[in-house]
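What follows is a short report on a single structure.
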Amino acid sequence: MEPIRKTVRQASTQIDRERDQFAMTLGITGTQMSVIDFLSNQTENSASQNQIEHEFEIQRSTTTIMLQRMEKRELIRRVVNKNDKRQKKVQLTEKAEKLVKQIHQYMKNDDLALRKNFSEEELETARKVLNYIKDGQSAKR
């Protein structure tokens with residue numbers, strides 16, 4: 001029997017491949033597409049770097065490099081946080097906002113295509129398994 005973690009890793013790789021292929025049609029990377037999607041679902045299309053780190057479960061240094069690249073491509077800008085002048089918020093630019101509708105449609109269609117193959121019970125079981133892996137088994141022992 002195939003180890004479940006191996007199947008999860010292979011599925012994750014396939015998800016990334018498909019996301020990257022679509023993102024290329026927009027002239028961005030799959031990761032940039034995910035960040036744009038995340039920011040577009042936040043108030044004022046903006047979030048702190050810390051929120052981005054938490055959402056994608058990545059380190060501060062990785063996030064900084066990713067955001068610098070996105071800023072260079074004029075997909076995001078950093079603006080002073082109105083509530084705390086010491087911090088900056090990451091905000092979508094007009095260039096990125098023009099991609100949001102296509103990104104949301106892709107995400108919606110991708111989710112619907114997956115859902116049509118499984119019952120709600122099967123999807124809930126899959127969520128339970130994936131969350132168990134994501135949250136780390138060592139915490140549950």
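Close amide H contacts of ILE76 (hydrogens built in the peptide plane, cut-off under 5 Å, sequence separation of 5 or more or a different chain): GLU71, THR93. For LYS88, the residues whose amide H sits under 5 Å from its own are ASN81, ignoring neighbours fewer than 5 places away on the same chain, with H placed 1.01 Å from N. Shape summary: the stretch 61-141 maps onto an equivalent ellipsoid whose semi-axes, from the alpha-carbon gyration tensor, are 34, 22, 11 Å in decreasing order. Among THR25, THR7, the sequence by solvent-accessible area, most first, with a 1.4 Å probe is THR25, THR7. Counting only aspartates and glutamates at least 8 places from LYS85 when in the same chain, those with an alpha carbon closer than 19 Å to its own are GLU44. Taking every C-alpha pair closer than 8 Å and separated by at least 6 residues, the mean separation divided by the residue count of the stretch 4-135 gives a relative contact order of 19 percent.
When THR43, THR29, THR64, THR93 are compared by accessible area of protein heavy atoms, the largest-first order is THR43, THR29, THR64, THR93, using a 1.4 Å probe.
For the chain, the longest principal axis of the C-alpha atoms and the axis of helix 94-115 are separated by about 10°. Of ILE58, ILE76, ILE28, the residue with the greatest mean-square motion in the GNM of the chain, using alpha carbon springs below 10 Å, is ILE58. Sorted largest first by accessible area at a 1.4 angstrom probe radius, with every protein chain in place, the residues LYS72, LYS85 fall in the order LYS72, LYS85. Compared with the dominant Cα axis of the chain, that is its longest principal axis, helix 120-135 is turned about 70°.
Using the Cβ atoms and a cut-off under 14 Å, what net charge is assigned to the surroundings of ASP16, where Lys and Arg are +1 and Asp and Glu are -1?
Result for the local shell: 0.
Measuring between alpha carbons in the structure, the pairs from LYS72/LYS108; LYS6/LYS88; LYS6/LYS116; LYS72/LYS128; LYS89/LYS128; LYS101/LYS134 lying more than 31 angstrom apart are LYS6/LYS88; LYS72/LYS128; LYS89/LYS128.
Quick check on the chain: what does the Kirkwood estimate of hydrodynamic radius come out to from the alpha carbon pairs, in Å? So the Kirkwood estimate lands at 17.0 Å. Cα centroid separation, the stretch 5-29 to the stretch 65-84: 24 Å. Surface analysis of the chain yields an accessible area of 74 Å² per residue, using protein heavy atoms and a 1.4 Å probe. When the chain is treated as a GNM with alpha-carbon contacts under 10 Å, the residue of PHE118, PHE38, PHE56 showing the greatest mean-square fluctuation is PHE118. So how tilted is helix 30-40 from the main axis of the chain? Cα-based, degrees 0 to 90, rounded to 10. Helix 30-40 sits at roughly 70 degrees to that axis.
The values are calculated or read from the model by the stated rules, or taken from the named source; none is laboratory data. The model shown is predicted, which means the values in this text are computed figures rather than measured ones. Using ideal geometry, Cβ is built from the backbone for each residue, glycine included, and neighbour counts are taken over all protein chains shown. These accessible areas exclude ligands, DNA and RNA; they are computed on the full protein's heavy atoms, side chains included. Shrake-Rupley method; radii C 1.70, N 1.55, O 1.52, S 1.80 Å.
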